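Data block below; observations after.
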């Protein structure tokens, strides 16, 4: 096998590969809006046809929502069985007026930093998904066969909460089980360092409504004598953190691990510029736990944040009311072995204890997923890290992620499969936002990276 020949084939085929990606991006596969249900079917059909054109046994598999695409190829030859996961659905495009072009009329645009692929789904996740397929296309064309047993698993509901994913995985465990699940829905570190994400935070969401009087009251007649729910809610929110930025929910830090010396040293070596990171959004000072480094704050420490708050009159002008209700949406990002269900119970109990007479609290839960982490002791991780370093001419790194990618935990917990999270998105790709883009460099070198990784671990 000649890796050089495969890489050369990738280079030669880049224009055709780009056209295939643009063709997939033209499909309006918005999973959250029922109006685009047929488009999601079309995107699944497109992927099935493309995989089948490579001789892969691929099928569109029905679910109660949008279909899965599952394909199988390659021999059982004693080498690792790899599963490639991605999603073909995309976010809505609103507000449309902020786009510089039709989001479903993608094109290559020249920017001061180089050419980019502009359009919805460019980086999240069609461009990243196609880096898998294009690497394997080149491999098959050069070698005439596959390097190992390969499973393709693409879903169409990632942007709408993946309601069909876990039931489908449970029902098809034996078919989907593999040695490694390669997940492409991640980023490079500071847009320049290729990385394997090994830590993902979990997520717990709570919506709290505090009710006081039976109706809105005149603040002149009832102010002072009647309890104001906004005042109660403000007290609750203020009590969630101490002066050092630590979360005060009882038992919150149970199961939170400390970094290993090796990982801490590697993170320090990344020379993260937190002043530039915050400066890009008009801030300057880290607001989390004051005895932690900035990278720890966003990768390996848990958080509690208020995502929305409401109560009383918020229209133009002024209305002197004492509102009957006040509400807040509060999220917790979790790490290590933190138990989201225990934290939910402790948070609710804490709030209930703080309620004064005449006030009650009602709750609406918004999900509860644990954090996930991937041990890197298997030699495949070090080999993949070297393959990335060789392609990008930059030392690759193991990194954490402040976000949550539940699929990684599902592969571990349902299939017993180790997730390997490698993506080539950059910080300025504007995923979920108007004018989403994916650098041509990310697409091209992403394809080459997967070819190198396949060569290294098989």
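Do we find that residue 445 is surrounded by fewer than 23 Cβ atoms within 10 Å (Cβ to Cβ) and free of Cβ contacts under 8 Å to residues at least 60 places away in the same chain in this structure? Outline the logic, then answer.
Working: surrounded by fewer than 23 Cβ atoms within 10 Å (Cβ to Cβ): yes; free of Cβ contacts under 8 Å to residues at least 60 places away in the same chain: yes.
Yes, satisfied.
Yes or no, residue by residue, for (1) in a strand (DSSP E or B); (2) within 16 Å of the chain's Cα centre (by Cα):
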residue: 169; (1), (2): no, no
residue: 178; (1), (2): no, no
residue: 196; (1), (2): yes, yes
residue: 199; (1), (2): yes, yes
residue: 203; (1), (2): yes, yes
residue: 206; (1), (2): yes, no
residue: 209; (1), (2): yes, no
residue: 231; (1), (2): no, no
* Across region 264-290, which residue is surrounded by the fewest Cβ atoms within 10 Å (Cβ to Cβ) among those that are closer than 19 Å to residue 403 by Cα and touching a helix residue (DSSP H, G or I) at 6+ places or on another chain (Cβ under 6 Å)? -> 274
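Does region 330-347 hold any residues that are more than 25 Å from residue 375 (Cβ to Cβ) and touching a helix residue (DSSP H, G or I) at 6+ places or on another chain (Cβ under 9 Å), and which are they? Walk me through how you get there before you give the answer.
Filtering region 330-347 for residues more than 25 Å from residue 375 (Cβ to Cβ) gives 330-331, 344-347.
The answer is 330, and nothing else.
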* Pairs with Cβ under 6 Å, 6+ apart, first in region 405-419 and under 20 Å from residue 204 (Cα atoms), second assigned to a loop (DSSP other than H, G, I, E, B) -> 411/417
* Kindly indicate the residue of region 365-378 that is assigned to a loop (DSSP other than H, G, I, E, B) and surrounded by 16 or more Cβ atoms within 10 Å (Cβ to Cβ) and also farthest from the chain's Cα centre (by Cα) among those meeting that condition. => 378
* **Looking only at region 253-266, and only at residues there that are touching a strand residue (DSSP E or B) at 6+ places or on another chain (Cβ under 8 Å) and either without any contact (Cβ under 8 Å) to a residue 40 or more places away in the chain or assigned to a helix (DSSP H, G or I) (or both), the one that is nearest to residue 340 (Cα to Cα)** => 263
* Can you pull out the strands (runs of 3 or more DSSP E) entirely within region 52-164 that have at least 1 residues that are loosely packed, with under 14 Cβ neighbours inside 10 Å and touching a helix residue (DSSP H, G or I) at 6+ places or on another chain (Cβ under 8 Å)? -> 107-111, 114-118
* Please find, among 102, 124, the residue that is within 16 Å of residue 407 (Cβ to Cβ) and either in the same structural domain as residue 45 (by TED's automatic domain parsing) or without any contact (Cβ under 8 Å) to a residue 12 or more places away in the chain (or both). => 124
* Is there a residue in region 279-286 that is part of a loop (DSSP other than H, G, I, E, B), farther than 23 Å from residue 242 by Cα and in contact with a strand residue (DSSP E or B) (Cβ under 8 Å, 6 or more places away or on another chain)? -> no
* Of the conditions (1) over 25 Å from residue 150 (Cβ atoms); (2) surrounded by 21 or more Cβ atoms within 10 Å (Cβ to Cβ), residue 29 fails just one. Which one is it? -> (1)
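Do we find that residue 293 is more than 24 Å from residue 416 (Cα to Cα), buried (at least 18 other Cβ atoms within 10 Å of the Cβ) and without any contact (Cβ under 8 Å) to a residue 40 or more places away in the chain in this structure?
Criteria met by residue 293.
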* Asked: Can you pull out the helices (runs of 4 or more DSSP H) entirely within region 379-458 that have at least 3 residues that are more than 17 Å from residue 130 (Cβ to Cβ) and touching a strand residue (DSSP E or B) at 6+ places or on another chain (Cβ under 8 Å)?
  -> 379-392, 406-410
* With respect to residue 235, is the statement that it is in contact with a helix residue (DSSP H, G or I) (Cβ under 7 Å, 6 or more places away or on another chain) and in contact (Cβ under 8 Å) with a residue 24 or more places away in the chain true? -> yes
* Asked: In region 299-338, what residues are crowded, with 18+ Cβ neighbours inside 10 Å, under 27 Å from the mean Cα position of the chain (by Cα) and assigned to a loop (DSSP other than H, G, I, E, B)?
  -> 300, 301, 302, 335, 336, 338
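The values are calculated or read from the model by the stated rules, or taken from the named source; none is laboratory data. In this text the structure is predicted, and so the values were computed from the model without any measurement. Glycine also receives a Cβ, built like all others from the backbone with ideal geometry; neighbour counts cover every protein chain displayed.
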